[in-house]
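Report on the structure given below.
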Amino acid sequence: MKVFLKLALALALVFSFTHADAADMLNGAGASFPYPVYSAWSYDYNKVTGVQLNYQSIGSGGGIKQISARTVAFGASDAPLAPAQLKKDSLLQFPAVIGGVVPVVNVPGVKAGELKLDSDALCRIYLGDIKYWDDGRIKSLNAGLRLPHSEMTVVHRSDGSGTTAIFTTYLSEVCPVWKSKVGAGTSVNWPAGIGGKGNEGVANYTKRTAGSIGYVEFAYAEQNKLAYALLKNSAGNFVKPSFETFEDAAATGNFDPGKDFHLWLVNAPGKKAWPIAGATFILLAKEKTDSNKKVVKFFDWAFNHGDKKAKDLVYVPLPSSLKNKIRAYWKTHGIL
Amino acid sequence: MARTAKKNPVDRFFSVMTAAAAFSVIVLIAGILYVLVSESSLAIGRFGVWRFLSSTDWDPVRQSFGALTNIYGTVLTTVLSLAIAIPLAVGIAIFVTEISPNFLKGPIGAAIELLAAIPSIIYGMWGLFTLSPIMSTYIEPFLKKIFSGVPLIGILFQGTPMGIDILTASVILSIMIIPFTASISRDSFNLTPAVVKESAYAIGATRWEVVKNVVIPYSKLGVFGGVVLSLGRALGETMAVAFVLGNNHRITTSLFDAAATITVTLANEFAEADSDVYLSSLFYLALVLFVLSFITLAVAKFFLLKAERKYSR
Amino acid sequence: MTREQIRKTEGFIALSLSTLAALGGLFWLVFILGDVLVHGIKALHIDLFLNDPAPPGVDGGGLRNAFVGQLLITVCATLIGVPMGVLGGTFLAEYARGRKIARLISILADIMVSVPSIVIGTFIYAVLVKPIGHFNGWAGAVALAIIMIPVVLRTTEDMLSLVPWTLREAAFALGAPYYKVITQVVYRGAATGILTGVLLSIARVAGETAPLLFTSFNNSFYSLDMKQPVASLTVTIFQYAMGPYDNWHAQAWAAAFVITIFILILTITGRLIIKWRYK
């Protein structure tokens with residue numbers, strides 16, 4: 001018993017000395033999608049400046065909750081908040097990095113980039129209307145491609161995720177039936193298919209199931225060399241998912257600083273724009289000027305020095321025009 | 001006992017301290033129940049009790065939630081894992097008590113109990129990286145080939161074997177609960193009086209007949225208690241199944257389909273829940289699980305106590 | 001076949017199946033431990049203990065934060081859970097011995113040992129995370145402590161009950177007050193047993209993940225501040241194993257290896273002590 005008390009006392013002493021540790025610590029929390037790139041930036045930033053930026057991936061919903069409660073220095077969300085909500089919670093918002101969603105397929109005899117899809121076909125597939133790969137609505141887009149008469153297995157995410165939010169927002173926007181029947185959100189009530197946990201789950205299911213189609217994060221499709229499909233964008237061109245098409249989407253998307261950059265980056269008008277893209281956003285508490293300055297300093301540094309690292313991890317850096325818009329936005333709010 | 005010493009003030013203080021610590025168990029159980037009820041009050045108000053329990057909805061967009069798919073997944077994986085685990089566990093107990101040479105009894109019993117010491121996250125990770133591919137490439141296609149054409153049980157083996165499904169989760173769960181069932185069965189078997197066994201041998205019974213007709217009937221209360229205890233354990237297991245179940249909120253009949261248990265839903269969605277009703281519904285699920293497992297465990301305890309009383313008589 | 005032969009064959013088949021079941025149990029143990037060992041050792045590197053996590057794609061990252069965090073949370077949980085458990089067990093076995101209330105608490109504690117740990121996680125989230133506003137190490141420690149209390153309490157109760165009553169009477173006869181009898185005579189008699197209970201309860205909570213998911217959460221930096229999120233090996237394993245990167249998977253195996261070895265050593269030590277002392 002006495003030994004125990006001594007031990008307790010010793011530990012209490014240790015703890016009382018450790019608070020100095022947290023001197024230059026910035027806490028952020030939110031979306032899990034940008035977690036690898038934020039932590040990579042933070043790792044490098046820490047080496048340069050000594051500032052510790054601890055980013056916890058707790059999900060977009062958590063990020064919004066935490067910053068609204070003012071318990072973190074910044075929140076992160078894959079879903080942009082509407083200006084009205086930002087005003088209500090007195091928040092600032094800007095995009096930090098671009099991601100997107102890529103349909104991946106497993107059809108015997110069809111290689112990466114050979115299958116073409118348009119918004120209607122994709123929507124009908126996920127609604128469960130299109131049941132076979134040689135359906136007329138797919139065939140008409142793919143003259144010359146031999147499509148088997150095999151059953152189609154639709155794969156979607158089973159956990160809540162920003163990826164799903166972007167994907168379902170796209171479907172809602174291009175497909176009225178989807179909008180009324182299912183809607184958009186981080187997780188939805190899927191009319192068809194099987195659910196896999198995380199990008200890995202969806203990729204695994206798709207890889208293992210002949211005749212399947214799934215959707216995954218661009219970074220994931222790229223790193224695992226999955227068979228992606230081409231998509232028809234709003235300019236009417238079939239595009240393939242690449243840094244180039246994502247950057248074009250970001251550059252032509254109408255990010256408006258007046259609306260705190262509130263934008264779902266789906267169906268961007270650019271000729272080469274990939275249609276299912278999305279920015280991931282940072283949220284700041286308006287009144288916390290001091291900590292905001294530190295956060296902004298970090299992201300400014302990342303905008304200047306972090307593009308290469310982001311690309312290594314297969315994230316799409318913001319185009320420089322958008323970065324400049326964001327810097328101006330920071331200045332108007334007095335935090336740069 | 002020792003009433004004379006009670007007047008001493010230090011003793012008084014010490015006894016109050018110990019009492020407080022002991023009562024913390026009651027306070028904690030009541031506290032958990034109270035907090036879960038109050039956190040889920042929003043969802044209880046919105047969905048009621050019966051409607052929540054019987055609804056298959058799990059729709060975060062329309063904010064309509066029901067527990068049935070989760071309860072279904074929980075019960076299905078639990079029952080399946082018990083079906084796999086019980087014969088194995090009882091077999092192990094028979095081996096350790098009746099067959100094994102004496103010098104092996106200790107080591108084998110201890111080895112089986114080590115299975116219970118491995119943390120559940122290790123089971124989950126091993127399940128994802130090692131067991132799941134084995135299931136999807138060898139075992140599940142094999143089962144499908146044999147059973148999918150058979151009427152009635154055929155529906156259990158439809159669809160594409162993925163390895164991330166009810167069957168894999170149940171297999172992992174079964175490995176986890178084998179040690180509980182086995183060690184309680186073993187202890188119960190060991191309580192069979194030697195005299196009774198010897199008299200059975202004396203009238204010419206074989207070793208298996210002694211097990212079947214003397215040991216098992218004599219210890220069935222204890223074994224049953226052990227099974228129910230394992231059931232309670234399996235209901236609440238999270239990490240071992242979180243990796244391999246796939247979190248799919250639908251009622252499916254095939255064992256090759258992904259499903260969701262209450263625990264897996266909590267682990268996957270608790271931190272992501274972005275609206276108050278959503279979070280409250282998750283607390284509601286936790287409440288359902290708490291009540292469910294508390295009742296199961298209480299029943300198990302009841303049988304084990306009854307068994308204990310029977311043997312000590 | 002004669003009746004005799006049928007009986008013999010039936011017995012042979014049944015007993016062979018039992019033997020197979022035992023081999024099956026051993027097979028799983030060897031399979032799982034072997035797998036963790038093989039993958040774990042491959043990924044084990046001194047950097048793992050010395051460095052903090054590097055982002056995906058950067059070599060040389062480690063899990064120092066998680067090792068230290070795990071230790072911190074477990075030690076704090078022990079500091080809360082063990083005294084509560086020992087004192088509670090003392091009440092049941094000494095002051096309330098034989099009373100109805102002791103019996104009730106003892107049964108409730110037995111039930112609580114098996115209450116789903118994720119439920120305790122949600123409970124602590126509501127009590128210690130939501131009001132404070134952010135995940136913190138104390139919440140994780142308290143969640144683990146709640147799991148420890150009933151385990152330690154029940155072992156203490158059992159161990160104290162094993163100490164012969166005559167020993168206490170001898171001390172009373174010398175005029176010692178009850179608390180002195182307990183702390184200086186009874187505890188001494190039951191020390192090894194209680195220690196074993198403590199070891200086993202630490203082994204039990206050191207591998208817990210579910211109660212930490214929504215409480216202590218995770219921290220990618222090395223931190224000793226229990227008021228902030230604290231990394232733990234188990235949550236890190238969950239995150240890394242589910243993640244897409246190969247070197248995350250390797251580190252998850254290494255962490256799994258370390259934590260498994262740690263828990264097995266504790267468990268085996270505990271069991272050896274019981275065997276050596278009580279058989």
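The values are calculated or read from the model by the stated rules, or taken from the named source; none is laboratory data. Owing to the predicted nature of the structure, the values given are computational and were not obtained by experimental measurement. Every residue, glycine as well, gets a Cβ built from its backbone with ideal geometry; the counts of neighbours run over all protein chains shown.
Some observations on this one:
- The residue of segment B:257-293 that is surrounded by the fewest Cβ atoms within 10 Å (Cβ to Cβ), among those that are of a type in the set (D, E) and either at pLDDT 85 or above or assigned to a helix (DSSP H, G or I) (or both), is B:D276.
- Any chance B:A111 is more than 8 Å from chain C (Cβ to nearest Cβ), surrounded by fewer than 24 Cβ atoms within 10 Å (Cβ to Cβ) and either over 30 Å from B:W208 (Cβ atoms) or among the small types (G, A, S) (or both): no
- Counted residues, segment C:66-86 - those being buried (at least 20 other Cβ atoms within 10 Å of the Cβ) and more than 10 Å from chain A (Cβ to nearest Cβ): 10
- Residue check: A:T252 meets all listed conditions (1) of a type in the set (V, I, T); (2) surrounded by fewer than 23 Cβ atoms within 10 Å (Cβ to Cβ); (3) under 12 Å from A:P95 (Cα atoms) but one, namely (3).
- Test: residue in segment C:143-161 that is closer than 30 Å to C:E94 by Cβ and surrounded by fewer than 20 Cβ atoms within 10 Å (Cβ to Cβ): yes
- The single condition among (1) within 9 Å of chain B (Cβ to nearest Cβ); (2) closer than 30 Å to A:W41 by Cβ; (3) under 17 Å from the mean Cα position of the chain (by Cα); (4) not charged (D, E, K, R) that C:A241 does not meet is (3).
- Contact annotation: residue pairs with Cβ atoms under 7 Å, 6 or more positions apart or on different chains, pairing a residue in segment C:205-226 that is within 10 Å of chain B (Cβ to nearest Cβ) with a partner that is aromatic (F, W, Y), are C:A206/C:F262; C:T209/C:F238; C:F214/B:F270; C:F214/C:Y125; C:F217/C:F135.
- Put simply, of C:L50, C:L44 the only residue that is under 25 Å from C:L71 (Cβ atoms), exposed (fewer than 14 other Cβ atoms within 10 Å of the Cβ) and touching a helix residue (DSSP H, G or I) at 6+ places or on another chain (Cβ under 7 Å) is C:L50.
- The set of residues from segment A:165-207 being facing another protein chain (nearest Cβ under 7 Å) and surrounded by fewer than 19 Cβ atoms within 10 Å (Cβ to Cβ) comprises A:G183, A:N189, A:E200.
- Of all residues in segment A:223-241 being under 24 Å from C:Y245 (Cβ atoms) and not in a loop (DSSP other than H, G, I, E, B), the one that is nearest to the other protein chains (Cβ to nearest Cβ): A:Q223
- When C:Y178 is tested against (1) touching a residue at least 40 places away in the same chain (Cβ under 8 Å); (2) within 14 Å of chain A (Cβ to nearest Cβ); (3) within 23 Å of B:S24 (Cα to Cα), only condition (2) is not met.
- Qualifying residue in segment B:84-100 (condition: in a helix (DSSP H, G or I), more than 21 Å from B:V211 (Cα to Cα), without any contact (Cβ under 8 Å) to a residue 12 or more places away in the chain and not acidic (D, E)): no
- Taking the criterion of being facing chain B (nearest Cβ under 8 Å) and crowded, with 20+ Cβ neighbours inside 10 Å, the only residue of segment C:97-107 that qualifies is C:I105.
- Residue within segment B:234-245 that is modelled with pLDDT under 90 and either in contact with a strand residue (DSSP E or B) (Cβ under 8 Å, 6 or more places away or on another chain) or of a type in the set (F, W, Y) (or both) present: yes
- Residues in segment B:21-69 that are more than 8 Å from chain C (Cβ to nearest Cβ), out of contact with any Phe, Trp or Tyr (no Cβ under 7 Å at 6 or more places or on another chain) and of a type in the set (F, W, Y) were compared, and the one that is farthest from C:A126 (Cα to Cα) is B:W50.
- Tally, over segment A:130-166, of residues that are among the hydroxyl-bearing types (S, T, Y), within 24 Å of the chain's Cα centre (by Cα) and over 22 Å from A:N267 (Cα atoms): 1
- Residues in segment A:56-84 that are within 20 Å of the chain's Cα centre (by Cα) and polar (S, T, N, Q): A:Q56, A:S57, A:S60, A:Q66, A:S77.
Every residue, every condition in (1) under 29 Å from B:G159 (Cα atoms); (2) assigned to a loop (DSSP other than H, G, I, E, B); (3) in contact (Cβ under 8 Å) with a residue 12 or more places away in the chain; (4) hydrophobic (A, V, I, L, M, F, W, C), yes or no:
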{"residue": "A:A184", "(1), (2), (3), (4)": "yes, yes, yes, yes"}
{"residue": "A:S187", "(1), (2), (3), (4)": "yes, yes, yes, no"}
{"residue": "A:G195", "(1), (2), (3), (4)": "yes, no, yes, no"}
{"residue": "A:G201", "(1), (2), (3), (4)": "yes, no, yes, no"}
{"residue": "A:A210", "(1), (2), (3), (4)": "yes, yes, yes, yes"}
{"residue": "A:Y215", "(1), (2), (3), (4)": "yes, no, yes, no"}
{"residue": "A:A221", "(1), (2), (3), (4)": "yes, no, yes, yes"}
{"residue": "A:E244", "(1), (2), (3), (4)": "no, no, yes, no"}
{"residue": "A:E247", "(1), (2), (3), (4)": "no, no, yes, no"}
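- Tally of residues being part of a helix (DSSP H, G or I) and under 28 Å from C:P164 (Cβ atoms) across segment C:82-121: 26
- Any hit, segment A:25-34, residues being buried (at least 24 other Cβ atoms within 10 Å of the Cβ), farther than 22 Å from A:T168 by Cα, of a type in the set (A, V, I, L, M, F, W, C) and modelled with pLDDT under 90: yes
- Checked against (1) assigned to a helix (DSSP H, G or I); (2) out of contact with any Ser or Thr (no Cβ under 7 Å at 6 or more places or on another chain); (3) buried (at least 24 other Cβ atoms within 10 Å of the Cβ), B:R309 passes all but condition (3).
- The single condition among (1) crowded, with 17+ Cβ neighbours inside 10 Å; (2) out of contact with any strand residue (DSSP E or B) (no Cβ under 8 Å at 6 or more places or on another chain) that C:H134 does not satisfy is (2).
- Helices (runs of 4 or more DSSP H) contained in segment B:126-232 and holding at least 2 residues in contact with a Ser or Thr (Cβ under 6 Å, 6 or more places away or on another chain): B:166-190
- A search for C-beta distances below 7 Å between a residue of segment B:271-287 that is facing another protein chain (nearest Cβ under 8 Å) and touching a residue at least 24 places away in the same chain (Cβ under 8 Å) and any residue that is among the acidic types (D, E) and in a helix (DSSP H, G or I), counting only pairs 6+ apart in sequence or on different chains, returns B:F283/B:E39.
- Residue satisfying condition, being of a type outside the set (A, V, I, L, M, F, W, C) and crowded, with 24+ Cβ neighbours inside 10 Å, within set B:S254, B:S199, B:S219: B:S219
- Verdict on C:R64 being within 25 Å of B:V299 (Cβ to Cβ), modelled with pLDDT under 95 and over 16 Å from the mean Cα position of the chain (by Cα): no
- Whichever residue in segment A:59-101 is of a type in the set (V, I, T) and surrounded by 24 or more Cβ atoms within 10 Å (Cβ to Cβ) and, among such residues, is nearest to A:S42 (Cα to Cα): A:V97
- Segment B:131-164, subset among the charged types (D, E, K, R) and within 14 Å of another protein chain (Cβ to nearest Cβ), residue surrounded by the fewest Cβ atoms within 10 Å (Cβ to Cβ): B:K144
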